[in-house]
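Accompanying notes for the structure given below.
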Amino acid sequence: MLDLAFNFFSTYLIEIMGGILLFALGLRVAIFKSSKVADSYFSTFTREIDKVLARYQNGDENIGDVDAFLNDLFSGIEEKLPKKSVRHKSSGLTKSKVEELGARNVVSFRDFAQSEDRFLHSLQNESGIFKSTFPPNFDDVADRILEQDNNWNKLFKFLPIEALNRFIDVLPGIFVVLGIFGTFIGISMALPGIATIDFSNIEGSGGVLSSFVLNVTFAMKTSIAGILFSLIMTFLNTLAPVHSLRDRAFKRISNCFENIWHTIHGESKSEDQIDEVLNQFKLLRRALVENNKNHVKKAG
């Protein structure tokens, strides 16, 4: 069984490593493109949100009914988002429209989110967090909402992006390990042949020596291939930094949620809440002091 494994890997290990490399290269490119789409979409989404919030923050409008404000905010965003896909040039749009959108390649809300677990649908379901008088953890909110969005979490609608990212990130190290593995296989197959060499008849041992050289050559080739493939994947991971793209999009969403909350409640309301809590502590302290005085009088 062990000999069969040795023979298989000694024959196909480099080809297996090459297949894994091509598969990983395709995945990295696909994930990077998907992350670019998400980053473009969320950039457009938050920019449109900020435009609406700016009118309230500048004092031009006041927020009366929070529910009505949130409903108008979210329902109006779809109409303001561009109708072209990030995968295509913005042909058909006027120059002024392109400048207004802020990008030559823009993403469509309808192209990006079509299912029941779409981003805006999940956001509307979580709208209660913006009505709370105490600020939530906005990173947790963003994470909870994005978890429900298959366009954010899945590649081709079924491959988990985070798991694939982790696999691709550790692949350079795996290639080095596979190269070392092939080296040991080659050496282990070459060494037994030395015992069969008849040094008194070197010419008759030519076949054994040829087999020994071929096995050592295989050992060296797998190490070289492992190092080369590792360098290729490391270089590609550096050129296509998926994590930084996704982190930027995530932070953009988290900051957008925080901006919405502060627009609704305002800094002054937060300060009033702090003052109210401090007043409650003062009243509690006075009550405790009075209670202690009464106990002292009774004991006296």
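Some notes on this structure:
- A straight chain from Met220 to Glu126 at 0.36 nm per residue would run longer than the Cα-Cα distance by 28.1 nm.
- Put a dot 7 Å past the Cα of Asp247, heading toward its Cβ, do the same for Leu283, and the two dots end up 4.6 nm apart.
- Segment 228-270 and segment 1-43 have Cα centres separated by 26 Å.
- Peptides 125-132, 228-235 ordered by average Cβ neighbours within 10 Å, highest first: 228-235, 125-132
- Given their separation in residues at 0.36 nm each and the Cα-Cα distance between them, Leu239 and Thr133 gain 33.8 nm when the chain is fully extended.
- Distance-filtered residues of segment 19-37 - backbone nitrogen under 16 Å, label point 7 angstrom along Phe156 Cα→Cβ: 20-35
The numbers here are math on the coordinates, done by the rules we state, and not lab data. Everything numeric in this text was worked out from a predicted model, so none of it was measured. Note that each Cβ is placed from the backbone with ideal geometry, even for glycine, and that neighbours are counted across all protein chains shown.
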